[in-house]
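Read the figures in this text as sums done on the coordinates, not as results from a lab. Worth saying up front: this structure is predicted, and the values here are computed from it rather than measured. Cβ placement follows ideal geometry from the backbone for every residue including glycine, while neighbour counts extend to all protein chains displayed.
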Amino acid sequence: LHSDRAAMAQNGTIENGLARNACPPPLPQPVKIPEIKHTKIFINNEWHTSIKGKKFPTINPATGVKICDVEEADKADVDEAVRAARAAGQRGSEWRLMDASSRGRLLHRLADLLERERAVLATLESMDTGKPFLHAFFVDLDGSIKTLRYYAGWTDKIHGKTMPVDENFVCFTKHEPVGVCGAIIPWNFPLLMFMWKIAPALACGNTVVIKPAEQTPLTALHVGAIIKEAGFPPGVVNIVPGFGPTAGAAIASHMNIDKVAFTGSTEVGQLIKAAAAKSNLKRVTLELGGKNPCIVFADSDLQSAVEETQKGAFFNQGQACTAASRIYVEEPVYDEFVRLSVERAKNIVIGDPLEPRTSHGPQIDQHQFDKILELVDSGKKEGAMLECGGCAVEDRGLFIHPTIFSDVKDHMRIAKEEIFGPVQCIMKFKTQEEVINRANSSHYGLTAAVFTRDIHRAMIFFLTFFSSKNPEKSITGSKNY
């Protein structure tokens, strides 16, 4: 993995993942009761029931109400999907014979159809994940469409090389598709992660078997119908909703899958890497956990630093591997930074994700909810100062108040473990050398940011910028997590 690193310039402002000077389309009303048309397994451009006849429910985390039942794929269904993908990518197939520019046109066509379905997809994403419709419409859909268009532009620009060797030989290289790519995507950005996985794979002429998270399968399945409508040949994209220990494990260990890509927890990533090695030594791409530092110097625009670090901490209810979870603030401005952060956090609008004013929804499920509150309790017990939040929203199910701790020490669990919830830890530092060492002390090494008016200081840190919205910018880490 190659890490694209950039220091965070003070004027690099992001508003809920969107550039402030962008001109997004107007926010429509959510589709109040979208018809759930697609709940089956998608193989060969056709809808299938699971071989074992099993289903599982998908739940709206904002209400606790079941949305629908979805067909549950396991190993036998994955086998069928892999056979379809292998046939679709074999020499002489329609997909393999398709020229690169035509693949690009199909990706552009898919992006066009996502534009058409934008309100429906944003509503499904909001219902399935609990994220505000506002964010689903402007961030997830915007990023998904841009990802497709970006990789559509790459399809006819992937070239080989010619190399001088012995005068009796002509040596050249030609890039070929890897083959069948397995993809396992998380529940926090289901549609965006779906596009991050399939767009580069399809641009290069591969075929895909993709498993959405069991908590959030609905947008992936809706896109299956759109993929067929766009004109992709049967078997090029296959969608197998199911659970990690069954469908996910089958993908990771499959002898006829050539590459697996996974975004999710470190623990599951370790299992996938081991399964890939023990099976056919398939290629592996993992994007796992993070405990990301954000460093605020006294010379920064403090109000801007407060806004940006808080968006980094609380966006998507803190359910992001790139969340700004460790905030190091220089001693002279520490108290003021804490005061402004608390003031801003108390004004965050918590409520129904489908309401346009809502900017903070529920956690994804009971397991995640309980894990977050257990870590919050550990922060209190270990001596951190709870400035605001720290508890569930009364009578709101899986909602947790945006939480800020000050006086956090590096040895505390909330400073070391990935919380994956709306918890911001603010710590004090005195010197540049000190904060560099503390920021780098974590096992995690995904993203980071620095706020300062001194560009020379910023470049010393040479850190990855928090925003991963732009498809042309890599989002990779530099450590074992």
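The local environment of H48, defined by Cβ-Cβ distances under 10 Å, has a net charge of -3 under the rule Lys, Arg +1 and Asp, Glu -1.
Taken along its principal axes, the alpha carbon cloud of the stretch 342-451 reaches lengths of 45, 28, 25 Å, longest axis first. Take each peptide in 290-300, 381-391, count the other Cβ atoms within 10 Å of every residue, and average; sorted highest first, the result is 290-300, 381-391.
Grab the DSSP H runs of the chain that are 4 residues or longer, score each as -39,500 (n - 2.57), total them, divide by all residues and round the 222 nm result to the nearest 500 deg cm²/dmol. Counting only the DSSP helices, I get -10500 deg cm²/dmol. Relative to the Cα centre, the charge distribution of the stretch 177-283, modelled as +1 at Lys and Arg Cβ and -1 at Asp and Glu Cβ, gives a dipole magnitude of about 260 debye. For the stretch 361-370, the Karplus equation 6.51 cos²θ - 1.76 cosθ + 1.60, evaluated at θ = phi - 60°, returns couplings of x, x, 6, 5, 7, 4, 4, 5, 4, 5 Hz by residue, with Gly and Pro reported as x. DSSP assigns beta bridges within the stretch 41-287; of those with both partners inside it, close to 40 percent run antiparallel.
Each listed q (0.19, 0.23, 0.27 Å⁻¹) maps to a log10 I(q)/I(0) for the stretch 326-396 from the Debye sum over equal C-alpha point scatterers, namely -1.01, -1.21, -1.28. The calculated Kirkwood hydrodynamic radius for the chain is 23.3 Å, given to one decimal from all distinct C-alpha pairs.
Were the residues from L281 through E46 laid out at 0.36 nm apart, the gain over their Cα-Cα distance would be 81.6 nm. Dipole orientation for the chain: of the candidates V408, N238, G361, N238 has the Cα lying most toward the positive pole (charges on Cβ; Lys, Arg +1; Asp, Glu -1). Under a 5 Å amide H to amide H cut-off, with H placed in plane at 1.01 Å, what residues pair with C68 once short-range neighbours are removed? Answer set, sorted by chain and number: T58.
With both bridge residues required to lie in the chain, what share of the DSSP beta bridges run antiparallel, to the nearest 5%? Restricted to the chain, the bridges split so that about 35 percent are antiparallel.
Dipole magnitude of the chain about its Cα centre, charges +1 at Lys/Arg Cβ and -1 at Asp/Glu Cβ only, in debye to the nearest 20? That gives the chain a dipole magnitude of about 1020 debye. Applying Stokes-Einstein at 10 °C and 1.306 mPa s to the Kirkwood radius of the stretch 41-287, computed over alpha-carbon pairs, gives a translational diffusion coefficient of 86 µm² s⁻¹. Counting only other residues whose beta carbon sits under 13 Å from that of V376, what net charge do I get with K and R as +1, D and E as -1? Net local charge, V376 excluded: -2. Exposure proxy for D365, D77: other Cβ atoms within 10 Å of each Cβ, ordered fewest to most, give D365, D77. The distance separating the Cα centre of the stretch 154-204 from that of the stretch 250-284 comes to 18 Å. Evaluated with a Cβ-only charge set (Lys, Arg +1; Asp, Glu -1), the stretch 128-180 carries a dipole of roughly 180 debye about its Cα centre, given to the nearest 20.
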